[in-house]
Every structure is written in C-alpha cells, then in structure tokens.
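Down below is the structure, laid out as structure tokens.
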Ligand code: F0G
C-alpha cells in the first residue's frame, strides 16, 4: 500500500497498514513495528551525484525521510573508516576481512547516524522534549544532538550498569539523567509508557525514523567497497541496527546499486541472547530473558523491542544468530586491538568474537568478503581492558638498572605475540 502523493510514509511490518509520515506513533494498532517506505520513482535519486558528495550520513539526503533541509541537526556523523584488516584476517585464516569502525562517530558510536535524523525529525514535527531508555550510547548521542538542537532531553539508564564514559557524556551534554533501579528492559518499558501518554518524543530504535538514519551504515559499506560484502557480522542488543543495515542493502539492490546481498549475522552476548535462542529453536515469538547479564553492558538486554525486524533480517538474508561468552568477548577485544590497533568496547568486540566462532565452526568460506561492524569506541568503557590486561603492568622503581633488566631480562620478541586458540 502507498499514500497518494507522499514521497514516504510509515508501514506496519506485520499487517501492512500505512500511516502518514507525520503521525506520531511507534507501533501499529496490531502491535507490529513500523518501517519507512519510499516512492523511489518520485524521489529523483541520482546515485552518481550522491557519490560525489563527502562520505557522511547526509550524502544520502534524498533517501532520508525529512522534508525540510533547514531542520537538519548534524555533528558531522558518518564517513567512518572501513579498515582492511590483513593481520586479523591472517590470524583467522581469512582472505578479505574488513572492520567498519563506528566508534569514529562524533559521540563515539553508530547511534549518531540515527540521532542526526531522529532529532531533525523531532524539530520538523515540532517536538520539544525527547527521551530514550539506554544502556549508555543512545543516551550519550541523544543528549549531544538535543544540546545542539536546543531541545529538552531525558534519558533513563539502568543504574550502576552503564559505562562511566557514556554517563559522563549524557551529563555533560545537559540531559536529565534518570538512573532507574532496574535493567534496560525496565527503563524501556517506562519510556514507552511516557511516549504513549504523549509526554515525550521517543527516540529509541522503535522509532522508525532513527533506524532510517542508521541504515546509512549499510550504504557507506557498499560505497566504500564498490560491491556488497558476502557477510556482515554485527552486534545485537535492542535489535534495531541489524535490520537497519539489512534494509539499506535491500534498497541498494532495488535501486540497482548492488546485484547480490550479504548474509546478516547477528551476535549477542551469551547471557543476553533471546534472539539467538529464537533463531536456534525456529520460534516465531521471542521469549524474553528476565535477568540478562554480560560484561558487554551496551547489549545487556533481555527483551529487545526490535526483535521482529532483527530475526527477519537474519532469516531473510540466509545469515545466522550466534551467542558469544564474556570470555570470548574479552579475548576478541584484545585480539582486534593487538592485531590491528583498533580499540572498541566489549559489545562491539562481540562481532569479532562471533566471526572467530563462525570460522571455528567451519561456517565461513575463507574467500568470503566479510565486514565486521564495531559499533562503539573502547574509550568510554576502560574497565574491561584494564581488568583483562592488569597482570601485564610491570611495577618498577625509579631505577634505570631495574628498568633495563625488566625490558631486556624477559624474552624479547620482535613483535608482540598474539595468542589465539584456533
Ligand atoms: N553495540 C553498541 C556499542 C551499542 O551501544 C548497542 C546498543 C548495540 C551494539 C546494539 O545495537 O540495539 O541496535 O541492536 N545500545 C543501545 C543503547 C541499546 O542504549 O545505547 P542494537
């Protein structure tokens, strides 16, 4: 279904009901999530012209569901590096491995891609108060874009389970920070209720506009590689991003930019893996996990709101869903840092841990072109690496002999050895 004369509209993924682009709603009356659909014929999309613009989120502005360019709130997001990781590829026995490092975004995570559009849309819809529930990165990003837009921002975070760097960001950007005595899922439930009472404009990924901004991650990967990769490995928490990237790939196929599609592989932490469970059992409904637990606090989520979109992305693409343990996450964080010089947070390292596991299981062909998405910088959450590397710190006195002995006394390798158990 379409809406006459509209360039874009909202569409229920469950029952196909359509809603006008400016209707304030996050789900259909049937409970289904909403997607943004476009009338591509009327959008005047010139891919070659887009490609001449700088690699940034707003390179794709004709594919962004915003009517007034004057409402754009941008901190120069997108255009993150796609690293060709030859060292890591060699260690894992692969030939073509890339890491798309989303930690390079303005507030240090991929959330900025969604927030630049989400906040611009909030202004276009004349919204004065925005809010989200967050494990940290969403709150940091929403707070920054709200500050720039000069609108009120409220964030609900699980108390004591948020990395300090992320909390510091939300605070310094001037958001009202409510530390909920519960987990992310409790906070999410509350903001959904506040939104249904009309108190706030909700900018979690249940808001389909936010995901439209996030899908530029997929467009960028293709623009950087020139083709679609064979496989994209991506961490999954509240489950919005994996479907956003998948949507981008399908749109690029529709627009004739790519001829093949990647397999989407979603990675969850073992203590918070309800979507993996669904995938493994072939279930049609998600069974929430009551007390999710993982060192990767960003994806410590037991009842992800966007699960229907995420499971569809993985099943439709012929991909997979996989759980990795905290131990595997910590090892992968170290491995990526030491093999490539890329420092990512634990949740982001889950994509590397997931890839390693897929290789070990023989599910990957060594010729495949693979992109791992690392979703956020490691600098916001130094606790994990400090703990995992603390035994490597060598205490010394201010004594040149002792220091010389420490440097030379141990077996000196030309290059640090990276241990992997393959
Ligand atoms: N990686 C990082 C670093 C994240 O912060 C998140 C989500 C994800 C992966 C998962 O993405 O939710 O789209 O599946 N963080 C949210 C937050 C929940 O509140 O910052 P997703």
Which residue pairs have Cβ atoms closer than 8 Å, lie 6 or more positions apart in sequence or on different chains, and pair a first residue in the range 74-101 that is in the same structural domain as residue 377 (by TED's automatic domain parsing) with a second residue that is part of a loop (DSSP other than H, G, I, E, B) and at pLDDT below 95?
-> 91/418; 91/420; 91/422; 92/420; 92/422; 93/422
Does residue 155 satisfy being outside any helix (DSSP H, G or I), within 18 Å of residue 304 (Cα to Cα) and touching a strand residue (DSSP E or B) at 6+ places or on another chain (Cβ under 9 Å)?
-> yes
Taking the range 361-391 and keeping only residues that are modelled with pLDDT of 95 or more and out of contact with any helix residue (DSSP H, G or I) (no Cβ under 9 Å at 6 or more places or on another chain), one is left with 361, 362, 365, 367, 368, 386
What residue, of 213, 165, is within 13 Å of the ligand (Cβ to nearest atom), more than 29 Å from residue 246 (Cβ to Cβ), in a helix (DSSP H, G or I) and touching a helix residue (DSSP H, G or I) at 6+ places or on another chain (Cβ under 8 Å)?
-> 165
Would you please name the residue that is nearest to the ligand (Cβ to nearest atom), looking only at residues in the range 348-377 that are surrounded by fewer than 24 Cβ atoms within 10 Å (Cβ to Cβ) and in a strand (DSSP E or B)?
-> 377
Does the range 230-242 contain any residue that is modelled with pLDDT of 95 or more, closer than 25 Å to residue 55 by Cβ and more than 16 Å from the ligand (Cβ to nearest atom)?
-> yes
Of 272, 290, 283, which residue is over 14 Å from the mean Cα position of the chain (by Cα), free of Cβ contacts under 8 Å to residues at least 40 places away in the same chain, within 12 Å of the ligand (Cβ to nearest atom) and over 25 Å from residue 366 (Cβ atoms)?
-> 272
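The values are calculated or read from the model by the stated rules, or taken from the named source; none is laboratory data. The structure presented is a predicted model; accordingly, all values stated were derived computationally and were not measured. A quick note on method: Cβ atoms are made from the backbone with ideal geometry, for glycine too, and the neighbour counts reach across all protein chains shown.
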